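S.K.: Shown below is the structure under consideration.
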Amino acid sequence: MPDGFTGVTDRSFERDAERVMVRLRAALSGVVARLPGSPQRPQDLTRALGIDKKLGWKIGSLVQASDVFEAARHIPGKAGLRKFLDAARGVDVPYALIEDVIRAEQEYERLVSVHAGDRASLEMMLSGVSAQGRERLDLDYRRLAFRANSYIWGIQASTQFRAYFLHASADDSDTIDVASVRGFVGLRRIRREVRWAIHQARIVDDDGVQRRSVLAEPLEPGDQDVGDGLDVPLMRSFCTTPLPQTRRVQARRGYVHHELVEGQVGNTARATCVLGDVVRGSAPRYREEHNECVELVMRANTPCETLVFDQLVHEGLFGGFRPQLAVYGELGGETPPRFAAEGRVTLPVVERVVYLGRGPGALHVPEIPRYSELVQRVFERTGWDGSAFEAYRVKMVFPPIPAAVVVSTDLGDRPA
């Protein structure tokens with residue numbers, strides 16, 4: 001170990017990072033405090049030292065950051081830090097304070113070398129322990145991932161959305177009818193030969209077993225053949241014209257995929273695809289042997305700018321709906337059911353389930369044209385009273401893919 005090595009001592013990342021970042025920020029604060037006029041804002045630093053605005057903003061933000069891990073985002077490069085220190089010397093800041101910054105920066109570089117290898121990797125690692133900087137960093141990297149995935153997969157969308165509507169079954173008070181609308185706004189190909197699954201259908205219990213015979217009734221039947229309940233349930237009045245061309249593909253484990261076929265690229269072929277159906281008696285209302293919760297799943301497999309996932313639950317259906325959000329990565333395959341939790345790979349996200357209020361009017365969202373009208377159409381087709389539904393939403397910008405966005409709530413016991 002080199003002489004004078006005091007910053008990284010035990011290879012425990014969190015402890016090392018906190019110690020080094022606290023020292024670096026304190027050393028820089030000592031220099032700033034001795035500058036003429038005691039500058040309080042980044043622009044004051046720029047004027048006091050005659051440095052460029054970007055460097056002044058970085059130093060000022062680093063010193064003022066309330067979270068030492070988030071402060072790492074603002075550490076200037078070696079050349080920038082040298083310019084700052086040279087300017088500080090020019091206004092007679094004591095050399096002892098300058099040396100303190102130099103030693104602190106050396107410890108920071110050792111932190112990078114020991115734990116990360118480069119600054120970009122260290123920044124990603126610090127995001128996991130930052131109390132405040134996580135959301136901004138998540139957005140930066142997810143935006144980059146959206147652009148890369150759009151190129152890799154050859155397709156992208158402005159918005160992917162899904163809304164579930166849960167109501168007690170009219171024919172069986174122990175089961176639930178589930179209506180669903182889902183689709184894409186601004187779906188476009190980047191490459192002509194791309195075909196893409198826009199919907200897949202299957203319903204299973206908590207343990208992954210398909211025990212119920214599912215018949216999905218389209219919300220806008222039109223002239224399609226719905227004999228087996230698995231044809232493409234397009235809601236034509238909410239899709240762009242001409243209608244997107246789709247095909248049905250039988251997949252493994254009982255799934256049926258509805259695919260967008262190959263076609264034109266770019267904005268002239270942008271499409272809005274909306275699908276909607278209702279499944280009667282599709283899930284239990286109360287806790288039973290194979291089901292202890294309701295999991296509403298939205299699969300994020302398409303590069304998109306915004307994901308909107310709504311849940312509308314009839315009042316009193318569960319004796320209180322307490323939704324919890326989890327996002328599971330699906331690089332290794334589809335997320336297993338709840339009770340195979342060891343097979344789930346949880347992705348850290350800052351988003352949470354938000355309560356919106358009651359009725360269709362509460363669900364307006366600018367990313368989805370005519371969305372309130374679409375929700376009202378569901379209530380018209382099902383005959384349900386929309387004013388009696390509580391609405392919840394998960395909204396993600398540049399969602400990670402492939403992933404399963406899961407909103408779950410525990411089921412209660414059947415009344416005695």
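S.K.: Residue check, VAL313 against (1) among the β-branched types (Val, Ile, Thr); (2) at pLDDT 85 or above; (3) more than 20 Å from GLU390 (Cα to Cα), all met but one. Which one?
M.R.: Checking VAL313 against (1) among the β-branched types (Val, Ile, Thr); (2) at pLDDT 85 or above; (3) more than 20 Å from GLU390 (Cα to Cα), the one that fails is (3).
S.K.: May I pose another question? All but one of (1) of a type in the set (D, E, K, R); (2) outside any helix (DSSP H, G or I); (3) in contact with a Lys or Arg (Cβ under 8 Å, 6 or more places away or on another chain) hold for GLU123; which doesn't?
M.R.: Result: GLU123 fails condition (2) only.
S.K.: Ok, one more. Tell me whether the range 236-253 contains one or more residues that are in contact with a Pro (Cβ under 7 Å, 6 or more places away or on another chain) and modelled with pLDDT under 65.
M.R.: no
S.K.: For residues that are on the phi > 0 side of the Ramachandran plot and over 19 Å from the mean Cα position of the chain (by Cα), scanning just the range 343-400, find the one that is surrounded by the fewest Cβ atoms within 10 Å (Cβ to Cβ).
M.R.: Ranking the candidates gives GLY383 first.
S.K.: So which residues in the range 329-362 are at pLDDT below 90, of a type outside the set (Lys, Arg) and not in a loop (DSSP other than H, G, I, E, B), if there are any at all?
M.R.: PHE339, ALA340, ALA341, GLU342, GLY343, VAL345, THR346, PRO360, GLY361, ALA362 - these are the residues of the range 329-362 that are at pLDDT below 90, of a type outside the set (Lys, Arg) and not in a loop (DSSP other than H, G, I, E, B).
S.K.: PRO94 passes all but one of (1) touching a residue at least 60 places away in the same chain (Cβ under 8 Å); (2) touching a helix residue (DSSP H, G or I) at 6+ places or on another chain (Cβ under 6 Å); (3) exposed (fewer than 15 other Cβ atoms within 10 Å of the Cβ); which number fails?
M.R.: (2)
S.K.: What number of residues in the range 39-70 are aliphatic (A, V, I, L, M), surrounded by fewer than 20 Cβ atoms within 10 Å (Cβ to Cβ) and under 16 Å from ARG23 (Cα atoms)?
M.R.: Final tally of qualifying residues: 1.
S.K.: Which of the numbered conditions does GLN43 fail, given that it passes all the others? Conditions: (1) in a helix (DSSP H, G or I); (2) modelled with pLDDT under 90; (3) within 24 Å of TYR141 (Cβ to Cβ); (4) of a type in the set (S, T, N, Q).
M.R.: Failed condition: (3).
S.K.: Given the options ARG110, ARG82, ARG103, name the one that is in contact (Cβ under 8 Å) with a residue 40 or more places away in the chain, closer than 22 Å to MET21 by Cβ, surrounded by fewer than 17 Cβ atoms within 10 Å (Cβ to Cβ) and not polar (S, T, N, Q).
M.R.: Details: ARG110 fails: surrounded by fewer than 17 Cβ atoms within 10 Å (Cβ to Cβ); ARG82 fails: in contact (Cβ under 8 Å) with a residue 40 or more places away in the chain.
Just a single option satisfies the conditions, and that option is ARG103.
The values are calculated or read from the model by the stated rules, or taken from the named source; none is laboratory data. What you are looking at is a predicted structure, and each value in this text was computed from that prediction instead of being measured. Neighbour counts run over all protein chains shown; Cβ positions are idealised from the backbone, glycine included.
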